[in-house]
Each structure stands twice: as C-alpha cells, then as structure tokens.
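Only one structure is covered here, and it is reproduced in the block below.
The values are calculated or read from the model by the stated rules, or taken from the named source; none is laboratory data. Please read all numbers here as calculations on a predicted model, not as lab measurements. Using ideal geometry, Cβ is built from the backbone for each residue, glycine included, and neighbour counts are taken over all protein chains shown.
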Amino acid sequence: MENNIIVGNLKAFLNHDELSHWIKTFVRQAASYNLQNKTVIICPPDSHLQLFYDTLMPTHLEDRVAIGAQDVSALSKGAHTGEIMAQTVSQWARYTLIGHHERRVAGDTPQTIQEKLTQALAGSLKPIVCLEQAERYEGKVWAYAYEPAAAIGTGAAQSPQEAQAALLAIKQSDPSGLCLYGGSVDVDNIHAYMEVGFNGVLIGKKSIDPVHFLKLIEAV
C-alpha cells in the first residue's frame, strides 16, 4: 500500500505572479530536500494547472511530483458556463480533491460529491475525497482525506490518537482506500500521524510557502 503521500492545496491565496514564483522556487529548491519514496501532489488553482504542469514536466521532478485539481464539476461537458470539467483538468492533473470542507460549506452535498466522483473517474483522475467522518460512495476512491473542521487553518491540530479513531472508521468503511490527515499539520506533528496509520497528509495554508512545503515533504 502506498505511503508517504503529501498533498499541498494552495487554495486561492496567491495571485498569478506569486503562483509563478511558487512553482519556480519549488523546482529550484527541490534538489536540496529528500523527495525519495514519497508521493507529492500539488493542487494549484484551476487557472494555473497548465503553468504548474509545464514547469514541472521538463524537470527531474516529473516522476515524483504530480499535479492535482482542487475540485471538478459535478456535470459532464455541455452548456455549463463557469464549470471546470474533469476531462479538461485531466490534461494536466492526475488527481483531484473532492468534497473539501470549504466546498461543503459552499453547498456541496453527499449527492454532489458522488456526482463529482463519477465525473473524476470518467476523466481518469484519481479522487481524493475530503471528509470529517466515514462516508460511502460508489466508484473507486483513491484516497480519503480526514479533515476535522475545528483543525482546518486554526493551528489547533487534532491529536493523532483522536484522528486514529476516525481513520479506523474510514478504513472499516473502505479497506482499500488510502487515508490522509489534514488540519494544522506542521513539521513537529506530521510524523505522528504517519505513526498511527495514516498514509500521508493534506496540507493547506502551510503549503503556500514552497520552501516550507518542501520541509514538510522531507519530514514525512
């Protein structure tokens, strides 16, 4: 089973110039950090998926670092102004987040998440379903990202022991799915989540500094 997974969700913190600086800095600095035997997934805004892909692919990192989308549409292609199709992002991304807490607050329901999962799989994307408790969906979920809402962006990470209880429930619901922990992960606590059985971590705000993100990767 795959382990040492680290996903960086850049959310919508950075503008174009900052995102361009982020990926160039990441590529330039990566040789100074240990990325061996790790699965690294970077999720920039949809508008910059191609920039990140085009910057990464010609480098020595292309076999160790992959691109992920932050979300995909629940709809198939058609007259859906403003929607981003899974088939579109799959030109650059191999993974996608689905059901992030912030998307659920914005209105995503379990039915919406199921529809997005279906579209992601149809687009040959590997879905990472974010959740706060065990949920069941139809179709192959590549990984679940357990994110306790009280820990997201607050600096108050849930203890590894509490998180382990949720991990066991998720594994019982889908034994074949990988499971990540997300919520105020830092270099001091990141390894503790691996020790209680998580396959990796999902990093949010603390990934917006590319050098700090590389330090987190090395700490896994």
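Annotations
- Taken as a whole, the stretch 46-57 holds no residue that is of a type in the set (Phe, Trp, Tyr) and touching a Lys or Arg at 6+ places or on another chain (Cβ under 8 Å).
- Residue list for the stretch 1-45, filter: of a type in the set (Asp, Glu) and in contact (Cβ under 8 Å) with a residue 12 or more places away in the chain: Glu2
- Filter result (of a type in the set (Gly, Ala, Ser), crowded, with 17+ Cβ neighbours inside 10 Å and touching a Leu at 6+ places or on another chain (Cβ under 9 Å)) within the stretch 177-205: Gly182, Gly183, Gly200, Gly204
- When residues of the stretch 76-108 are limited to those that are among the charged types (D, E, K, R) and buried (at least 17 other Cβ atoms within 10 Å of the Cβ), the one farthest from Ala12 (Cα to Cα): Asp108
- For the stretch 46-75, taking the residues that are under 23 Å from Gly204 (Cβ atoms) and among the acidic types (Asp, Glu), the one that is farthest from the chain's Cα centre (by Cα) is identified as Asp46.
- Complete set of residues in the stretch 76-101 that are touching a helix residue (DSSP H, G or I) at 6+ places or on another chain (Cβ under 7 Å), outside any loop (DSSP other than H, G, I, E, B) and either of a type outside the set (S, T, N, Q) or in contact (Cβ under 8 Å) with a residue 60 or more places away in the chain (or both): Ala86, Val89, Ile98, His101
- Answer residue from the stretch 51-70, given it is in contact with a strand residue (DSSP E or B) (Cβ under 9 Å, 6 or more places away or on another chain) and polar (S, T, N, Q) and is surrounded by the most Cβ atoms within 10 Å (Cβ to Cβ) among those: Gln70
- Filter result for Gln29 (at pLDDT 95 or above, surrounded by fewer than 19 Cβ atoms within 10 Å (Cβ to Cβ) and under 16 Å from Lys215 (Cα atoms)): yes
- Residue match in the stretch 152-160 (condition: at pLDDT below 90, crowded, with 16+ Cβ neighbours inside 10 Å, farther than 17 Å from Asn4 by Cα and touching a strand residue (DSSP E or B) at 6+ places or on another chain (Cβ under 9 Å)): yes
- Filter result (modelled with pLDDT under 95 and of a type in the set (Val, Ile, Thr)) within the stretch 50-80: Thr59
- Total residues in the stretch 4-26 satisfying the condition of being within 19 Å of the chain's Cα centre (by Cα) and surrounded by fewer than 19 Cβ atoms within 10 Å (Cβ to Cβ): the figure is 5.
- Pair list, Cβ < 7 Å and 6+ apart or interchain, from the stretch 46-65 residues that are farther than 13 Å from Thr88 by Cα to residues that are surrounded by fewer than 18 Cβ atoms within 10 Å (Cβ to Cβ) and among the acidic types (Asp, Glu): Leu56/Glu62
- Test: residue in the stretch 182-198 that is among the β-branched types (Val, Ile, Thr) and either over 26 Å from Phe52 (Cβ atoms) or out of contact with any strand residue (DSSP E or B) (no Cβ under 7 Å at 6 or more places or on another chain) (or both): yes
- Which listed residue is surrounded by fewer than 19 Cβ atoms within 10 Å (Cβ to Cβ) and either touching an Asp or Glu at 6+ places or on another chain (Cβ under 9 Å) or assigned to a helix (DSSP H, G or I) (or both), from Ser47, Ser73: Ser47
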